[in-house]
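A quick write-up on the structure given underneath.
The values are calculated or read from the model by the stated rules, or taken from the named source; none is laboratory data. The structure displayed is predicted, hence computed values, not measured ones. Glycine also receives a Cβ, built like all others from the backbone with ideal geometry; neighbour counts cover every protein chain displayed. To get the accessible areas, we keep the full protein, side chains included, count just its heavy atoms, and leave off ligands, DNA and RNA. Shrake-Rupley method; radii C 1.70, N 1.55, O 1.52, S 1.80 Å.
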Amino acid sequence: MGNALVNMYGKCGSLTDARSLFDKMPHHNVVSWNSMISVYAQNGNGKAALELFPLMGLEGVKPDNITFIGILSACSHTGLLDDGCYQFISMSRDHLITPRLDHYVCMIDLLGRAGQFNEAEGLINSIPFEPHPVLWINLLGTCRIHGDVERGAQAAEHAFELDPNNTAVFVLLSNIYAAAGNWDDAAKVRKTIINRGVKKKPGRSCIEIKNRVHEFFVGDTSHPQKENIYAELGRLSRQMEAAGYMPDTKAALSDAEEVNKEVMLCYHSEKLAIAFGLISTPPGTCLCITKNLRVCSDCHAATKFISKIVGRKIIVRDTNIFHHFEHGVCSCGDYW
């Protein structure tokens, strides 16, 4: 029961409650340690995960392959390249645990996020079992972060060879081209997406207010309080601009005029959810948002400004990690 509760608190972004419960548990088995390490990984606190790891041995608990998935994931989400590489080597050398696909995925993500693309490709090619498309898809995702179009296209080719019908590859490749302003290639990929009947998953953000979940899409005007929501967004936009916020128009992924891109960015789903949360809760209340896609760079920057302007903590859970925004800073250290 205790392990399940630690996981539950972690999945709610409640790090303090998770660690408090973990510390109060009379006994810790490997599942207990794995749960707490994973909570730190999910919440982008890699250093805490690494500090906790050696304490397992002091209690006589041996790590297993799940432990190292948590450790490597924690290193990946916080950019701890040297620590991650060391733990990957130590895993087999010191603990006699053979790396599995999930461990390699973490390492490709860690190396790719750090811009170590040659090393990431070398690791994929050295894997002692049949390559899995998820490895190349993961590398493709990190190419988008760094804007490496050429290498991203190569990673997409490898992924297509292993899984020709994987829709994620089309979407990622299209986004890489769009972010680089390569609209012709982006259009070609999107045409292929349409011809194959692939449906791109729309961005969606949710917030729970008074036991009711409210869902928002980009440019959403379906909510009963839409006028108040957009009025709040307008007020926040003026305050953010005065505080030095500049829209990151590369995140718009659209071949439109700059001024139109700024308008599009203003109405991203997480911004609508945050605005609704602000007008629906008392001052000082923590807002918790869940998003079905990775938070874009513009929304990430905007949420930092908003947290400082309104004096609130804002927690955003995207497909990668929890982002804890407070006093104009994010817990991920702008590395996600």
At most 14 other Cβ atoms within 10 Å and a DSSP loop assignment: could you name the trypsin sites (Lys or Arg not before Pro) in region 174-211 that fit? ARG196, LYS199, LYS200, LYS210
Prolate/oblate/rounded label for region 103-227 (Cα gyration tensor, a/c 1.5): prolate
Quick one: ranking ASP184, ASP148 by accessible area, 1.4 Å probe, largest first, what do you get? ASP184, ASP148
The chain - mean residue ellipticity at 222 nm from DSSP helices (-39,500 (n - 2.57) per run, n ≥ 4, rounded to 500): -19000 deg cm²/dmol
Order these peptides, 311-323, 278-290, by their mean beta-carbon neighbour count within 10 angstrom, highest first. 311-323, 278-290
So which aspartates and glutamates pass the test for LYS199, namely a Cα distance under 16 Å, with those fewer than 8 places away in the same chain ruled out? none
Heads up, the chain by the C-alpha gyration tensor (a ≥ b ≥ c square roots of eigenvalues; a/c under 1.5 rounded, else a/b over b/c prolate, else oblate) looks oblate
Highest average packing first - 76-83, 36-43, Cβ atoms within 10 Å: 36-43, 76-83
Looking at the chain, identify the longest residue range that excludes and avoids all GluC sites (Glu not before Pro) in DSSP loops having at most 11 other Cβ atoms within 10 Å. 60-256
Between rounded, prolate and oblate, where does region 1-160 land on the alpha carbon gyration tensor, with a ≥ b ≥ c its root eigenvalues, rounded for a/c under 1.5, else prolate if a/b exceeds b/c? prolate
